[in-house]
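To start, the structure under review is shown below, and the notes come after it.
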Amino acid sequence: MSSMKKYVAECIGTAVLTGIGCGTAMLVGTDAASGSGYLLTALAFGLSIVAEAYCIGNISGCHINPAVSLGVLISGGMEKGEFVGYVIAQIIGAFIGSCADAIILGLGGLEDKTGGFGANGLAGVNGSVGAGFLVELFLTFIFVMTILGVTSKKAGHGSFGGLVIGLTLFFVHIMGIGLTGTSVNPARSIAPAIFAAINGNPAPLSQLWIFIVAPLVGAALAACVYKWLEAEK
């Protein structure tokens, strides 16, 4: 498969993940007290992964997340040049997804119930940078460890891999939405934060570094730990 086709696939997949996941949050809200919007948003992100895993998984591996691509790179599953191409494609895709959300809500005259295009933030941890960083590191570690385990040639999960990964994203969102909005994906965080800033809400942009650095650190740790666990010697 050519690299360009892989990049296009990653762009499409990340657009779907960001557009559907953040779009659902914008429409139904993420208030943990009511619960329904909270769970619907978590489910939207999880099902987006399931759908895209079976759609583009055979083309690009369906990373649709720079943290996942970093984990695969460290594990020896891709080259550095291809990693850079994946990350660029994923960020472009996230912007396409957020742009679609903006157009749909704008044309429909609908309220963004998150107030920031579904961007991540620290409100759930009372503004604590340390707590927010740890949440994102921990949840990304779980998510990437699962992906590396499911996609390992030794695992033998076959056609159920996409479902397992989607369910894992769903369950990390169940914990994370009320704390940080759950990023575990720098691309998914970058686009909504910039769209929020353009629309007069700069708070997500000022905290964006957390949702870039923490998932990448969590993914790197997951890759190193899994590589050590899987090694025969």
TODO: Report, in deg cm²/dmol and to the nearest 500, the calculated mean residue ellipticity at 222 nm for the chain, where each DSSP H run with n ≥ 4 adds -39500 (n - 2.57) and the sum is divided by the residue count.
DONE: -25000 deg cm²/dmol
Task: Burial ordering of 122, 70, fewest other beta-carbon atoms within 10 Å first - done: 122, 70
Task: the chain: most fluctuating residue of 183, 206, 75 per GNM, C-alpha cutoff 10 Å - done: 206
TODO: In whole angstrom, note down how far apart the Cα centers of the range 179-233 and the range 5-58 are.
DONE: 16
- [ ] Taking 7 Å along the Cα-to-C-beta vector as the label spot, tell me the residue 224-residue 40 distance in nanometres, rounded to one decimal.
- [x] 4.2
- [ ] Go ahead and run the numbers for FRET between residue 154 and residue 4, Cβ-Cβ distance against an R0 of 25 Å, rounding to 0.05.
- [x] 0.20
- [ ] Please give the contour-minus-distance gain from residue 55 to residue 171: 0.36 nm per residue of separation, less the Cα-Cα distance, rounded to one decimal in nm.
- [x] 39.6 nm
Open item on the list: Ranking request for peptides 20-29, 171-180: highest mean number of other beta-carbon atoms within 10 Å first, then the rest in descending order.
Closed with: 20-29, 171-180
- [ ] Please name which of 36, 140, 220 has its Cα lying farthest along the dipole of the chain towards the positive end, using unit charges on Cβ (Lys, Arg +1; Asp, Glu -1) and the Cα centre as origin.
- [x] 220
- [ ] Apply 1/(1 + (r/R0)^6) to the Cβ-Cβ distance of residue 33 and residue 110, taking R0 = 22 Å, and write down the FRET efficiency to the nearest 0.05.
- [x] 0.50
TODO: Return the label of the correct value of Kirkwood radius over Cα pairs in Å, as calculated from the structure shown, out of (i) 19.9; (ii) 17.3; (iii) 16.9.
DONE: (ii)
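All of the numbers you see were taken from the coordinates with simple rules; none came from a lab. This one's a predicted model, so the numbers in the text were calculated from it and none came from an experiment. When we count neighbours, we look across all protein chains shown, and the Cβ atoms used for this are built from the backbone with ideal geometry, even at glycine.
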